[in-house]
């Protein structure tokens with residue numbers, strides 16, 4: 001009997017604190033900002049703004065002497081959807097443009113180009129790319145080669161003998177197939193990744209502030225004076241933000257599928273399992289930061305440093321993990337976002353592939369357990 | 001008046017510096033982030049796992065496989081023995097690409113027929129997959145030209161000769177370090193200013209400031225200067241780390257760097273003050289700062305080129321100060337950009353700074369009455 005009433009009192013305290021947190025969330029309009037506006041804003045940015053697919057890259061074409069060959073080459077570049085071509089006749093003035101960053105690459109057709117072809121010598125086309133942005137530089141170089149190969153084919157058909165035809169008979173022809181994403185849309189993997197960023201922000205940023213705020217305002221002492229214990233306190237803080245996070249997750253997934261037409265091929269159950277474990281890890285991290293710093297400025301910076309930036313940079317969302325140096329690759333294994341990004345990309349594009357989801361979920365459970373343990377240990381319900 | 005502002009500045013510094021956690025947060029993280037993220041923020045693709053399925057028993061298939069093995073871009077190659085293993089290798093993300101050589105590969109080449117080579121790529125990472133497919137294309141191109149040489153077919157008489165400027169060895173850190181100098185300065189400058197007024201409002205000390213002889217403008221100056229000093233010191237720190245730890249060359253003029261850094265910080269502080277004058281609590285200030293910061297960083301040209309965006313969004317980025325500052329910092333580090341190029345990017349920031357600072361000052365006065 002006494003046992004039962006004890007349990008009921010415990011439950012009543014949890015519910016009471018949950019209600020207080022919900023009221024606090026509802027009263028402050030900025031909570032809607034993070035749960036409603038932020039997810040849409042981020043999806044919007046990654047849906048429209050951040051794309052790795054080149055389009056209309058400014059390119060300067062230097063034609064030192066106008067010849068029929070140079071003119072057909074110019075036409076080939078103008079027809080390419082990837083370039084926005086500016087034509088000049090001297091290389092000196094385009095070099096300044098490369099420094100200013102107003103063109104990303106320069107293609108030079110030297111004045112002896114036609115003569116060399118006529119004499120049967122090798123006629124080089126020079127390509128200068130802006131190495132301060134290596135990714136674009138590499139893509140520009142590849143696409144210039146594509147335009148050139150195209151021009152060569154046309155030229156060899158038009159004037160047989162002048163330009164040696166590229167031999168295709170008896171050679172290897174490449175047949176590339178992109179699984180899960182046949183149109184090779186970068187949005188299809190960036191948007192699922194950005195859902196992970198949204199969840200990271202919601203999970204850590206708000207919770208990083210809640211305990212710190214109670215310390216700064218002194219209301220924590222009022223809480224300590226109540227019969228409330230550690231478990232009630234932590235559950236009261238975790239439950240409202242868990243609900244908020246899952247709601248934002250729902251909004252994000254529906255928007256990704258309905259507005260940005262990213263396919264979703266996994267099951268709702270798998271999504272719930274993976275995102276719940278990730279969210280619990282993030283909420284524990286946020287509360288842990290809050291408990292340790294007791295200061296909202298320090299807490300917000302710490303949340304930025306330990307949650308947001310790793311989710312952006314160390315998760316494989318934009319930057320390829322395999323390409324990082326070994327020590328940093330090892331650090332990424334500790335980042336919950338790493339597992340969540342690969343799980344989301346798989347759930348959206350491939351389906352319930354348990355060889356990806358299983359290990360990821362286990363890793364997330366392990367990280368959550370460690371963070372929750374640390375959180376419980378650091379939570380003190382009395383003043384020192 | 002100067003005396004009053006000076007006391008407020010001293011008080012602001014003390015408020016930030018007195019708390020050991022805030023102090024640690026101001027000094028430590030930017031350096032730490034610089035060290036980790038400079039190496040991480042690479043869009044290079046190297047050392048990725050690929051798999052090869054060679055069902056051809058002839059020599060051509062074996063020759064092609066050994067060219068893949070010899071390529072410096074692929075260090076880890078799994079060998080599959082059965083077509084049914086392909087799905088598992090890609091689904092589980094063990095292989096980004098599977099190169100599949102059909103059983104008639106050598107026979108077709110010997111008969112002078114075109115032989116097809118299948119590349120199966122993981123579209124979940126389509127950007128990396130495209131780059132890896134490019135490596136494979138280059139290897140096949142080499143293989144083909146060897147075939148043609150054996151057959152004594154004349155090879156095409158023109159060639160594309162490439163040169164990479166500003167970063168000839170394509171070192172990742174040369175690209176990431178200058179961008180991070182810009183990105184990391186932003187977050188600190190913004191949060192320090194956004195929170196300074198909100199904290200006083202939340203704790204109720206703002207009313208004490210209002211009954212003091214300080215006028216609204218004096219309060220604004222007192223709140224701006226510490227953020228400015230901290231921002232300048234941090235940026236200097238990061239530039240020094242970039243040059244002396246990462247060995248990224250700094251070719252441009254230091255004088256131009258500091259002029260543009262100052263203008264940039266004023267534009268960011270203006271946004272911070274603007275958020276600060278609207279926010280009643282620190283939570284509102286932090287979230288307001290994030291709502292500005294996340295799009296500003298994502299659409300700055302750091303994560304992906306601005307030219308790839310739709311036109312209307314490109315116009316919108318004209319109002320983003322981070323965009324100009326990244327061009328300036330990269331230009332000064334790697335390209336020895338001349339003064340006219342720098343000023344072409346400084347004046348838009350100056351316009352943004354004037355707009356944000358004056359509207360913040362107006363709002364501040366307005367809300368104080």
Length gain on complete extension for the stretch residue A:273 to residue A:24, per 0.36 nm per residue less the alpha carbon to alpha carbon distance?
86.8 nm
Run lengths n ≥ 4 of DSSP H only: what is the helix-derived mean residue ellipticity at 222 nm for chain A, with -39500 (n - 2.57) per run over all residues, to the nearest 500?
-20500 deg cm²/dmol
Taking the Cα centroid of segment B:311-347 and of segment A:277-318, what is the distance between the two, rounded to the nearest whole Å?
31
Quick check on the exposure proxy: order A:251, B:36 from fewest to most C-beta atoms within 10 angstrom.
A:251, B:36
Sort out for me the Cα centre separation of segment A:1-78 from segment B:1-76, rounded to whole Å.
21
Principal axes first, then extents: for the Cα atoms of chain A, list largest minus smallest coordinate on each axis, whole Å, largest first.
103, 44, 38
Whole-angstrom Cα spans of segment A:57-158 along principal axes, big to small
37, 25, 20
List B:200, B:83 from most exposed to least, where exposure is judged by having the fewest other Cβ atoms within 10 Å.
B:83, B:200
Per-residue mean of other chain beta-carbon atoms within 10 angstrom of the beta-carbon, peptide A:289-299?
5
Using a Förster distance of 51 Å, the FRET efficiency for residue A:93-residue A:154 (Cβ separation, nearest 0.05)
0.95
Cβ neighbours within 10 Å, averaged per peptide: list B:218-229, B:162-173 in order, most packed at the top.
B:218-229, B:162-173
Net lengthening on full extension, residue A:217/residue A:53 (0.36 nm per residue, minus Cα-Cα)
54.2 nm
Roughly how many nanometres apart are two label points built 7 Å out from the Cα toward the Cβ at residue B:6 and residue B:255?
3.0
At what distance in nm do the modelled label points of residue B:19 and residue B:59 sit from each other, each positioned 7 Å from its Cα along Cα→Cβ?
7.5
Tell me, rounded to the nearest percent, the portion of alpha carbon pairs in segment A:274-334 spaced more than 18 Å apart.
44
Can you give the mean number of other chain Cβ atoms that lie within 10 Å of the Cβ atoms in peptide A:106-118?
1
Distance histogram for chain B (every C-alpha pair counted, 20 angstrom bins, percent rounded to whole numbers)
23, 40, 25, 10, 1
Can you sort B:199, A:217, A:12, A:185 so the residue with the fewest Cβ neighbours within 10 Å comes first?
A:12, A:217, A:185, B:199
What average count of beta carbons from other chains do you get within 10 Å of the Cβ of residues in A:311-317?
4
Can you give me the Kirkwood hydrodynamic radius for segment B:49-150, using every pair of distinct Cα atoms, in Å to one decimal?
13.9
Residues of segment B:312-352 with amide N under 17 Å of the 7 Å Cα→Cβ point at residue B:163
B:335-336
Debye calc, one equal point scatterer per Cα of segment A:302-384, no solvent, log10 I(q)/I(0) at q = 0.12, 0.14, 0.16 1/Å comes to -0.43, -0.56, -0.70
Take the alpha carbon atoms of segment B:317-369, find their radius of gyration, then divide it by 2.2 N^0.38 Å using N residues; give the quotient.
1.49
In degrees rounded to 10, the 0-90 angle between helix B:59-70 Cα long axis and the longest Cα principal axis of chain B is 20
In nanometres, the difference between 0.36 nm per residue of separation and the alpha-carbon distance of residue B:232 and residue B:82 is 48.0 nm
Nearest-0.05 FRET efficiency for residue B:35 and residue A:377 at R0 = 25 Å, using Cβ-Cβ distance, is 0.30
Here, segment A:26-86 modelled as identical Cα point scatterers in vacuum has Debye log10 I(q)/I(0) at q = 0.13, 0.20 Å⁻¹ of -0.56, -0.81
Note down the nm distance, to one decimal, between modelled labels 7 Å out along Cα→Cβ at residue B:170 and at residue B:280.
5.5
Distance from the Cα centre of segment A:92-126 to that of segment B:224-300, in angstrom?
40
I need the P(r) histogram for segment B:270-369: all alpha carbon pairs, bin width 5 Å from 0 out to the longest distance, whole percents.
2, 12, 17, 20, 19, 14, 9, 5, 2, 0
If the elastic network links every pair of Cα atoms under 10 Å, which of B:343, B:246, B:32 fluctuates the most in the Gaussian network model of chain B?
B:32
On a 0 to 90° scale, report how tilted helix A:354-378 is relative to the longest principal axis of chain A, with both axes built from alpha carbons and the result rounded to the nearest 10.
40
Taking chain B as the reference, fit the longest principal axis to its C-alpha atoms, fit the long axis of helix B:2-18 to the helix C-alpha atoms, and give the angle between the two in degrees, 0 to 90, nearest 10.
50
Nearest-0.05 FRET efficiency for residue A:264 and residue A:173 at R0 = 41 Å, using Cβ-Cβ distance, is 0.75
222 nm [θ] for chain B, helices only, -39500 (n - 2.57) per DSSP H run of 4+, per residue, to 500?
-22000 deg cm²/dmol
Per residue, what volume in Å³ does the Cα convex hull of the protein assembly as shown take up?
167
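Readers should treat all values here as calculations from the given coordinates under stated rules, not as data from a laboratory. Computed from a predicted model, the values in this text were never measured in an experiment. Positions of Cβ are generated from backbone atoms using ideal geometry, with glycine treated the same way; all protein chains shown enter the neighbour counts.
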